[in-house]
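What follows is one structure encoded as structure tokens, with my remarks underneath.
The values are calculated or read from the model by the stated rules, or taken from the named source; none is laboratory data. As the structure is a prediction and not an experimental result, all values here were calculated from the model. We place every Cβ from the backbone using ideal geometry, glycine too, and count neighbours over all the protein chains shown. For the accessible areas, the whole protein counts, side chains as well, though only heavy atoms, and no ligand, DNA or RNA atoms are used. Shrake-Rupley method; radii C 1.70, N 1.55, O 1.52, S 1.80 Å.
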Amino acid sequence: MAVIKDLKTKEITINMGPQHPATHGVLRLMLELDGETVVKCTPYIGYLHRGTEKLGENKTYATALPLTDRLDYVSSMSNNIGFCVAVEKLLSIKVPERAQYIRTIMAELTRIANHIVWIATHALDIGAMTVFLYSMRDREWILDLYEMTCGARLTVSYPRIGGVRCDVTREFMESCYQFTEEFPEKILQYETLIDKNRIWLQRTVGIGIISPEDAINWGLTGPTLRGSGVPYDVRKFAPYDAYDKVDFEVPIGKNCDVYDRYRCRMDEFRQSVKIIRQCLEKMPEGLVLAPEAPGYDMPAVPPKKPAAPPPKTAEGEAPPPPPPPPPPEETGPVFNELYVATEVPKGELGFYFISDGTGKPYRMRLRAPSFVHAGVLPKLCEGSLVADVIANIGTIDIVLGECDR
Amino acid sequence: MTPQEIAQLINEKFPSEVIDIKEFRDQVSVTVKKEKIIELIKYLHDTPELYFDHLADLCGADYHGKKDIRFEVVYNLFSIKHGHMIRIKAQVSEDDCKIDSVVSIWAGANWHERECYDMYGISFTGHPDLRRILMPEDWEGYPLRKDYPLKSDLGEKEWKGYKQVVEVSEKNKAYEVR
Amino acid sequence: MDFNGFYGFLGCPQNTSLCVQIIIILIKIAVVIAVTMLHVAYATYFERKVIGHMQVRLGPMRVGPHGLLQPIADGVKLFFKEDVIPQAGDKWVFQLAPIIAVFATLSALAVIPIFEGFMIANINVGLLYILAMSSLSAYGIIMAGWSSNSKYAFLGGLRSSAQVISYEIALGLSLVGVMLMSGSLNLYEIVKGQQEYWYGMYLIPQFLGYFIFLVAAFAETNRTPFDLPEAESELVAGYFTEYSGMRFALFFLGEYIAMIVMACVAVICFWGGWTAPPILLKWFPFLAVVPGIVWFFIKVYFHIFLFYWVRATVPRYRYDFLMRLGWKVLIPLALLNIVATSIIKYAF
């Protein structure tokens with residue numbers, strides 16, 4: 001046996017990505033493998049860096065809105081809403097109630113669409129190919145619903161600072177209601193395909209375990225954190241839009257593994273349907289854009305006097321209101337800052353603005369859930385097998401557009 | 001606990017460190033000196049009645065020409081247990097552009113600090129792996145600084161990755177189908 | 001080995017001249033290869049159609065009516081694709097690998113009796129020959145993985161060699177029950193042996209062996225859920241990551257031929273080959289007019305359909321579970337099957 005002892009083994013370094021079928025975009029992982037076991041995992045990101053934060057500093061609040069679509073392109077509507085909620089709080093604009101309900105519906109539709117893409121790609125990574133096509137079929141319905149409201153399917157830019165761009169039609173409401181009736185059956189279809197499948201269970205139960213303490217410590221949010229049993233949800237902790245007026249539960253997991261995170265997201269489907277249903281039933285009539293909403297030509301310099309000419313709204317439907325910038329100060333710029341988080345499908349999307357009182361943010365910071373989640377990959381992957389790396393990339397639900405900004 | 005009370009508590013505990021307390025739309029930011037930042041953060045993280053276990057965000061900010069001390073590192077803290085939040089801002093001057101790392105307290109701060117270093121050039125002492133994260137490794141300059149040029153023609157001084165791309169595209173023009 | 005003389009080996013009457021016999025053999029080979037190639041082409045088409053309909057979509061629809069000409073279009077496209085050889089790869093081994101993979105599986109077809117009296121070579125160790133050939137194709141895979149000089153291909157090749165070696169044992173052991181019952185390794189004899197039973201197939205007494213054989217056959221042909229060597233989401237395309245054009249098509253061909261061969265072996269050893277169950281013929285005598293080749297193909301198509309069905313249904317195994325399944329479940333079960341069969345055979 002001395003011969004075998006003398007043999008030297010060496011780890012192979014594998015460059016997984018940036019072009020690889022299972023890295024969900026341009027994530028690059030340097031894996032050091034000892035046989036099939038991962039010894040070291042180093043993620044590299046930045047291949048999709050477009051400088052959104054820098055761009056945001058050079059645009060007015062209203063024109064920076066479409067930048068947020070392009071972050072997480074599978075749940076663009078949620079990003080828009082997150083941005084709008086933050087700017088509204090900064091400018092203290094009150095959103096009409098109808099717009100709040102519409103935005104809640106849209107946010108939840110987006111949550112469903114995002115989780116559909118997630119279950120599709122996650123299952124495809126693990127090798128269950130059929131779920132992909134079943135779920136993509138149902139996503140199409142949601143994209144059609146988007147198209148009915150604003151004409152766009154993917155990068156919508158439908159919400160506006162102070163409301164939404166236009167009112168929803170009767171047709172949309174009916175189609176959306178029908179969706180809430182039929183979608184729960186579709187969820188059952190996905191579950192039939194994978195939920196009790198032994199191979200699926202073997203691939204997910206007990207894989208990628210992260211304890212609740214560690215999960216919080218690493219800054220995980222959203223279903224990725226809730227799978228570890230921490231009931232942290234911004235919709236409950238700091239309700240925005242109509243979330244304080246609807247009744248829903250926050251599903252949490254128990255075993256902190258890939259399977260429990262999968263279960264969490266499947267339960268969120270049902271909760272989202274419940275929220276949409278309630279919103280459709282409770283939605284009041286009224287305006288959909290606050291009268292004081294700023295227009296595109298939001299002044300770059302704040303008006304010195306309250307009687308400055310008010311900008312026009314983009315649609316011209318509401319009477320031209322006076323813009324509501326913070327009270328102008330004569331003695332140099334005053335920096336006000338605000339951190340507003342919203343619950344996007346992937347976790348906590350935070351916008352941190354430093355405002356100097358002009359129409360452009362002095363600093364626009366994006367706290368992207370994908371960025372934080374990608375950082376936890378080494379912890380999840382080291383010591384596991386190559387096949388589990390794929391399961392782990394799937395379970396943290398990252399989109400590289402948001403990760404790299 | 002309301003943010004005002006937390007700010008008060010910090011002020012009592014670290015009177016020499018706190019420079020300014022400011023409230024805006026129910027959120028309170030506490031501006032502090034950078035020297036005892038670790039001690040302060042540890043206090044916020046470990047005290048049972050505060051218990052800021054969730055580092056919501058860590059980022060830099062550049063007040064070039066607007067404030068005496070140029071940079072600030074901003075910690076947005078949230079307590080999942082108590083549901084309250086506070087913002088700590090540590091001032092970092094341009095000539096001593098470094099601050100202690102909080103990775104030992106929150107593991108999740110790792111990438112945030114790397115990004116802050118990448119974008120503002122603030123280095124974090126005690127960080128386990130301080131490299132550029134979003135920009136290429138051989139990038140020069142710190143893009144989110146306010147004096148970073150938005151558009152320029154550097155000619156020979158251009159980043160070599162960009163030069164390579166231009167060269168290849170010039171070469172490939174020969175194969176273009178018209 | 002006893003080949004019953006050269007003439008017997010060739011399966012021809014002894015009084016024809018050698019020249020004629022060789023021509024007959026060549027014609028037979030040409031027919032079998034042509035039929036197999038056509039089957040491979042349309043196996044890809046049916047795979048896409050079957051899986052497509054299982055996944056609520058249509059599959060190929062554009063080339064020809066209902067996409068019927070799609071396999072031909074694919075073939076033409078692959079044939080004219082640029083053949084890329086990695087600069088740092090081992091050029092000769094790289095070129096040899098797909099040829100070995102295809103020819104090993106293709107030569108396994110030589111001993112398969114398609115209907116009464118039709119087989120290219122009637123050798124009395126037919127079953128062993130098929131097993132040998134199917135494991136030979138693993139060399140092609142390993143060589144491809146090694147010579148590509150790519151880490152993904154290398155890992156794919158390693159996985160494949162481990163998988164083929166493990167499942168080869170289970171595959172061989174699962175067929176021992178059949179050998180015991182028929183008392184022969186000759187595929188013709190095995191089919192004839194099944195006619196002794198009223199149900200006309202070894203499937204019923206050998207259900208355990210059949211199950212093990214199917215699972216091992218999936219692993220042997222690298223099909224889902226055991227497609228780890230080419231696990232798309234982990235290893236990009238496994239051992240043929242670096243292959244393109246015609247060489248890629250050869251691997252593809254090899255995989256599909258292997259699938260067809262495995263389906264044929266399952267039909268011959270467990271489903272009674274080209275014969276219909278005697279009980280069925282007794283109840284419905286008019287079925288006797290159906291030629292044997294039809295029975296054979298129906299059974300083979302069913303098995304190929306099974307391959308597709310499983311592919312559309314289940315996720316992929318993880319490497320360590322795969323090994324555990326092979327060594328800790330299938331091999332003990334196969335041994336149990338052998339012991340039980342021997343005892344029953346001895347006792348009755």
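Data for the structure
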quantity: Helix-only mean residue ellipticity at 222 nm for chain A, each DSSP H run of n ≥ 4 adding -39500 (n - 2.57), per residue, nearest 500; calculated: -14000 deg cm²/dmol
quantity: Over 20 Å (Cα to Cα) - which of A:59/B:163; A:94/B:81; C:77/C:151; A:186/A:274 fall in this group; calculated: A:59/B:163; A:94/B:81; C:77/C:151
quantity: Rg [Å, one decimal], Dmax [Å, integer] - the range B:93-178, C-alpha atoms; calculated: 17.9, 60
quantity: Binned Cα-Cα distances of the range C:24-180, short to long, each 5 Å bin given as a whole percent; calculated: 2, 8, 11, 13, 15, 17, 17, 11, 5, 1, 0
quantity: Percent RCO, i.e. relative contact order, over the range C:81-347, from Cα pairs under 8 Å lying at least 6 residues apart; calculated: 27
quantity: Over chain C: Kirkwood hydrodynamic radius from C-alpha pairwise inverse distances, Å; calculated: 21.3
quantity: Per-residue mean of C-beta atoms belonging to partner chains within 10 Å, peptide A:44-55; calculated: 4
quantity: Accessible area (Å², per residue) of the range C:13-79, counting only protein heavy atoms and a probe of 1.4 Å; calculated: 60
quantity: Simple label model, 7 Å out from Cα along Cβ direction - residue A:244 to residue C:306, nm; calculated: 6.3
quantity: DSSP loop trypsin sites (Lys or Arg not before Pro) with at most 15 other Cβ within 10 Å excluded, longest remaining stretch of chain C; calculated: C:82-348
quantity: Over the range C:13-79, volume per residue of the alpha carbon convex hull, in Å³; calculated: 111
quantity: R0 of 45 Å, Cβ-Cβ distance residue C:76-residue A:10: FRET efficiency to nearest 0.05; calculated: 0.55
quantity: Angle between chain C longest axis and helix C:151-182 axis [Cα atoms, degrees, rounded to 10]; calculated: 0
quantity: Solvent-accessible surface (1.4 angstrom probe) belonging to residue C:322, in square angstrom, nearest 10; calculated: 0
quantity: Qualifying trypsin sites (Lys or Arg not before Pro) in the range A:165-200, DSSP loop, other Cβ atoms within 10 Å at most 14; calculated: A:196
quantity: Sequence of C:31, A:376, A:26 when ordered by accessible area, the most exposed leading, probe 1.4 angstrom; calculated: C:31, A:26, A:376
quantity: Cβ-Cβ FRET estimate between residue C:63 and residue A:214, R0 fixed at 60 Å, reported to 0.05; calculated: 0.65
quantity: Lys, Arg +1 and Asp, Glu -1 on Cβ, resulting dipole of the range B:3-150 about Cα centre, debye, nearest 20; calculated: 220
quantity: B/A buried area, accessible surface, summed, 1.4 Å probe, Å²; calculated: 3900
quantity: Paramagnetic label zone (point 7 Å from Cα along Cα-to-C-beta, residue C:280; backbone N under 19 Å) in the range C:289-313; calculated: C:289-307
quantity: Global geometry of the range C:264-348, whether rounded, prolate or oblate, following the gyration tensor of its Cα atoms and the 1.5 cut on a/c; calculated: oblate
quantity: Centroid-to-centroid separation of the range B:110-155 and the range C:90-144 [C-alpha atoms, Å]; calculated: 59
quantity: Chain C: most fluctuating residue of C:17, C:160, C:244 per GNM, C-alpha cutoff 10 Å; calculated: C:17
quantity: Value of Rg/Rh across the range A:117-257 [Cα atoms, Kirkwood radius]; calculated: 1.01
quantity: Student exercise, the protein assembly as shown dipole from Lys, Arg, Asp, Glu Cβ charges, in Debye to nearest 20; calculated: 1720
quantity: The range A:26-168: mean projected area of Cα convex hull, nm²; calculated: 10.8
quantity: Length-normalised contact order of chain A in % [C-alpha pairs under 8 Å, at least 6 apart]; calculated: 25
quantity: Gaussian network model of chain A, Cα within-10 Å springs - most flexible of A:289, A:91, A:71; calculated: A:91
quantity: Largest-first principal axis extents of the Cα set of the range C:201-348 (Å); calculated: 55, 38, 24
quantity: In the range B:101-172, the trypsin sites (Lys or Arg not before Pro) that fall in loop regions by DSSP, at most 16 other Cβ within 10 Å; calculated: B:131, B:132, B:146, B:151
quantity: Alpha-carbon centroid distance for the pair the range A:327-405 / the range B:1-72, whole angstrom; calculated: 20
quantity: Label-to-label distance, nm, for residues given as residue B:16 and residue B:165 (7 Å Cα→Cβ offset); calculated: 5.1
quantity: All-pairs Cα distance distribution in the range B:53-150, expressed in whole percent, bin size 5 Å; calculated: 2, 13, 23, 24, 19, 11, 5, 2, 1
quantity: With every protein chain in place, chain A: carbon and sulfur % of accessible area (1.4 Å); calculated: 56
quantity: Exposure rank, largest accessible area first [A:244, A:404; 1.4 Å]; calculated: A:244, A:404
quantity: Ratio of the Cα radius of gyration of the range B:1-73 to 2.2 N^0.38 Å, where N counts its residues; calculated: 1.14
quantity: Value in Å of the Kirkwood radius, where chain B supplies the Cα pairs that are averaged; calculated: 18.3
quantity: Computed label-point distance, nm, for sites residue A:153 and residue C:99 using a 7 Å Cα→Cβ extension; calculated: 4.8
quantity: Relative intensity, log₁₀ I(q)/I(0), of the protein assembly as shown from a Debye sum that treats every alpha carbon as a point, q = 0.05, 0.06 Å⁻¹; calculated: -0.39, -0.54
quantity: P(r), alpha carbons of the range A:145-214 - 10 Å bins starting at zero, rounded %; calculated: 15, 25, 22, 25, 13
quantity: The range B:3-150: relative contact order as a whole-number percent, Cα under 8 Å and 6+ apart; calculated: 19
quantity: Helical mean residue ellipticity (222 nm; -39500 (n - 2.57) per DSSP H run of 4+; nearest 500) of chain C; calculated: -22000 deg cm²/dmol
quantity: Label zone at residue C:294 (point 7 Å along Cα-to-Cβ), backbone N below 13 Å, the range C:257-280; calculated: C:276
quantity: Dipole-positive endmost among C:289, A:13, A:403 within the protein assembly as shown (Cβ charges, Cα centre); calculated: C:289
quantity: By accessible area with a 1.4 Å probe, ligands and nucleic acids excluded, highest first: order of C:85, B:86; calculated: C:85, B:86
quantity: Cα point-scatterer Debye curve for chain A, base-10 log of I(q)/I(0) at q = 0.10, 0.13 Å⁻¹; calculated: -0.68, -1.08
